[in-house]
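The values are calculated or read from the model by the stated rules, or taken from the named source; none is laboratory data. Small disclaimer: the values here were computed from a predicted structure and weren't measured. FYI the Cβ positions are ideal-geometry reconstructions off the backbone, even for glycines, and counts take in every protein chain you see. For the accessible areas, the whole protein counts, side chains as well, though only heavy atoms, and no ligand, DNA or RNA atoms are used. Shrake-Rupley method; radii C 1.70, N 1.55, O 1.52, S 1.80 Å.
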Amino acid sequence: MRRCCRLVCAIMLILSGCSSDAREDASQPANAAWKVDPVPPLDIGDTSAAGPAVFEYAAGATRLSNGTIVVADAYASTIRYFDANGRLTKSVGRAGSGPGEFEGIWWLAQCGIDSVFVWERSRGRMSVLDSTGTIARTFPLALNTVNLACSRSGTFVAQAPPAETFIAPEVDRRWEAPVLIVDAAGDTIRTLGD
């Protein structure tokens, strides 16, 4: 199982576009402590007259090329668009199973320039939204996916939940999880194995 997790992590890093020319900051000693700035660079708020934005569960966020910030609120079944100053400009969706509705948002990422992909695990559905929040298309994925990563071209690595496999009862057991590469239409390109 550890080998599978390491493989999935490595593939996710590759697909997420890690730069090969990343350099360490030579001015920082190797054992330097990380510090968190007490003043955030941006405070997302003002979603209503009652006060700041309250997210029940943020399932993912991304910043588009024009500075717009997109956040998926899984429990509210809503995708929220904020301007570069953190002000709410648009909310997309609501709880439900009809058109423009979300159920079980599990993941959100930008998988192409200004294309926002939203994975609804409970429905097995991927929705693609444009930079204005319009749902451009939806498609199913072959797996009951728990881990996803995507490239800027819209190619995904998808992993199903691990399942216990018995080779010989009470002697040899292991956990396996299928891993697939999937294209932007939801079709499996290649199976990487368990």
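Table: residues versus (1) farther than 24 Å from I44 by Cα; (2) under 15 Å from the mean Cα position of the chain (by Cα).
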site: T89; (1), (2): no, no
site: G104; (1), (2): no, yes
site: V116; (1), (2): no, yes
site: P140; (1), (2): yes, no
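Checked against (1) open to solvent by 20 Å² or more (accessible area, probe 1.4 Å); (2) in a loop (DSSP other than H, G, I, E, B); (3) touching a residue at least 40 places away in the same chain (Cβ under 8 Å), N144 meets all criteria but (3). A33: open to solvent by less than 60 Å² (accessible area, probe 1.4 Å) and modelled with pLDDT of 70 or more, yes or no? It is false that A33 is open to solvent by less than 60 Å² (accessible area, probe 1.4 Å) and modelled with pLDDT of 70 or more.
If the condition is being under 14 Å from G86 (Cα atoms), hydrophobic (A, V, I, L, M, F, W, C) and modelled with pLDDT under 75, then the range 45-70 contributes A53, V54. Taking the range 60-97 as the range and being open to solvent by 20 Å² or more (accessible area, probe 1.4 Å) and assigned to a strand (DSSP E or B) as the test, the residues that pass are A61, T62, R63, R80, R87, L88, T89, K90, S91, A95.
Per-residue answers, yes or no, for (1) of a type in the set (V, I, T); (2) in a loop (DSSP other than H, G, I, E, B); (3) open to solvent by less than 30 Å² (accessible area, probe 1.4 Å); (4) modelled with pLDDT of 80 or more:
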residue: S122; (1), (2), (3), (4): no, yes, no, yes
residue: S127; (1), (2), (3), (4): no, no, yes, yes
residue: E170; (1), (2), (3), (4): no, yes, no, no
residue: T191; (1), (2), (3), (4): yes, no, no, yes
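Annotation: of all residues in the range 102-118 being in contact (Cβ under 8 Å) with a residue 40 or more places away in the chain, part of a loop (DSSP other than H, G, I, E, B) and open to solvent by less than 40 Å² (accessible area, probe 1.4 Å), the one that is farthest from F55 (Cα to Cα) is G112.
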